[in-house]
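Below is one structure, written out as structure tokens; the observations come after it.
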Amino acid sequence: MKIKMLKRFFCQYVIVGLFVFFLVFSIITGFVFQIKKINEYKTQIAQVSSQIKDTKEEISKLEKSSKNNDLENMARNQLGMIKQNEIIYLDSDERDN
């Protein structure tokens, strides 16, 4: 009788032990996954911060050039913008290159 009870309790202990192991394993892998995600987000934040800094510098340059009335020339030459109802003629030799 004692042996049957020990076997019974042993099986219960094994099942509870496996459940606890699975639970602890799940928690640990969850933490590892979260730490990896945090590191990825930190690198993305650093990249976006540098892009913001570069954009702010570019904006300040544009503001300085707009004071000199060069904004229209910059938009036409660098960005290829045109005015509304403006017709642009392209030389066929330049277009092939």
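The values are calculated or read from the model by the stated rules, or taken from the named source; none is laboratory data. No experiment lies behind these values; they were computed from the predicted model shown. When we count neighbours, we look across all protein chains shown, and the Cβ atoms used for this are built from the backbone with ideal geometry, even at glycine.
Yes/no per residue for (1) at pLDDT 75 or above; (2) out of contact with any Leu (no Cβ under 8 Å at 6 or more places or on another chain); (3) of a type in the set (Gly, Ala, Ser):
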position	(1), (2), (3)
1	no, yes, no
13	yes, yes, no
22	yes, yes, no
26	yes, yes, yes
34	yes, yes, no
41	yes, yes, no
85	yes, yes, no
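Against the list (1) modelled with pLDDT of 75 or more; (2) not acidic (Asp, Glu); (3) not in a loop (DSSP other than H, G, I, E, B), the condition residue 81 fails is (3).
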